[in-house]
Amino acid sequence: MALIKSSLEIALERAEAMMGRVEDTAKEEGRKHGQAAARRFLSGDVDGAAMAELLAARPEEQRRPALAAALEHFVEALLNGDDLAVDGLAALPLDRAKDKLAALITAARGRFQAAGQLYADLAAVMADDLARMGIGGSAVLPNPLSLPDLELRTQKALAPHLQAVQEAAQALQRAVA
């Protein structure tokens with residue numbers, strides 16, 4: 001025979017379900033504000049200190065989800081080649097995970113330095129090739145971006161750096177979550 005629930009049991013179950021929804025709503029609201037703060041930083045609307053204030057001003061239950069969402073947004077921007085994301089990461093108020101944040105920033109800077117060095121090396125090779133063909137002078141500007149296999153070369157050269165960035169980002173995200 002089925003158990004019959006009392007009115008009190010039903011009311012308690014409903015209250016418990018509503019509390020779960022309130023917590024989910026707070027987390028979602030925090031995530032939205034974190035993403036918005038990161039977007040505002042990357043677009044130049046706010047500086048790092050103002051972004052950190054926006055994140056710190058969230059109510060306690062929204063603060064961690066906001067930080068996690070801002071972090072995710074900056075990591076995604078970083079992996080897409082936006083070097084301003086490094087400054088955004090550095091501005092995040094992550095006192096508990098400063099060592100992991102520093103590792104991510106170091107890996108990200110290494111990635112951008114490697115990309116810059118790759119393009120400089122390719123430009124030098126192109127200039128040498130043009131000089132061997134007798135083309136020279138001040139009007140010659142080698143453009144590595146015009147190479148047909150640039151994407152493949154870039155992927156090969158930056159693969160270890162991207163992996164380091166991803167590993168550091170995952171460690172930081174675990175610490176923040």
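The values are calculated or read from the model by the stated rules, or taken from the named source; none is laboratory data. Treat the numbers as computed from the prediction; the structure is a model and nothing was measured. Here the Cβ positions follow ideal geometry from the backbone for every residue, glycine too, while neighbour counts run over all protein chains shown. All accessible areas refer to the heavy atoms of the entire protein, side chains included, with ligands and DNA or RNA removed. Shrake-Rupley method; radii C 1.70, N 1.55, O 1.52, S 1.80 Å.
The peptide list 97-107, 132-142, put in order of mean Cβ contacts within 10 Å with the highest first, becomes 97-107, 132-142.
Would you mind working out the accessible area per residue for the chain, using a 1.4 Å probe, and quoting it in Å²?
Result: 63 Å² per residue.
Label positions at ALA90 and GLU76, each projected 7 Å from the Cα along the C-beta direction, are separated by 2.4 nm. Kirkwood hydrodynamic radius of region 94-176, from the reciprocal of the average inverse Cα-Cα distance over all distinct pairs: 14.9 Å.
Solvent-accessible area of ARG111, all protein chains in place: 30 Å² (probe radius 1.4 Å, heavy atoms, ligands and nucleic acids excluded).
Peptides 29-37, 65-73: what's the order by average Cβ count within 10 Å, highest mean first? Don't skip to the end; give the middle numbers.
Working: 29-37: 20.2, 65-73: 23.3.
For the peptides 29-37, 65-73, the packing ranking is 65-73, 29-37.
Sequence-ordered 3J(HN,Hα) estimates for region 67-74 from the Karplus curve with 6.51, -1.76 and 1.60 and θ = phi - 60° stand at 4, 4, 5, 5, 4, 4, 5, 5 Hz, glycine and proline given as x.
Phi angles of region 97-104 translate, via the Karplus equation with coefficients 6.51, -1.76, 1.60 and θ = phi - 60°, into HN-Hα couplings of 10, 4, 5, 6, 5, 4, 5, 5 Hz per residue; Gly and Pro are given as x. Label reach from LYS32 (point 7 Å along Cα→C-beta): in region 39-66, no amide nitrogen lies under 11 Å.
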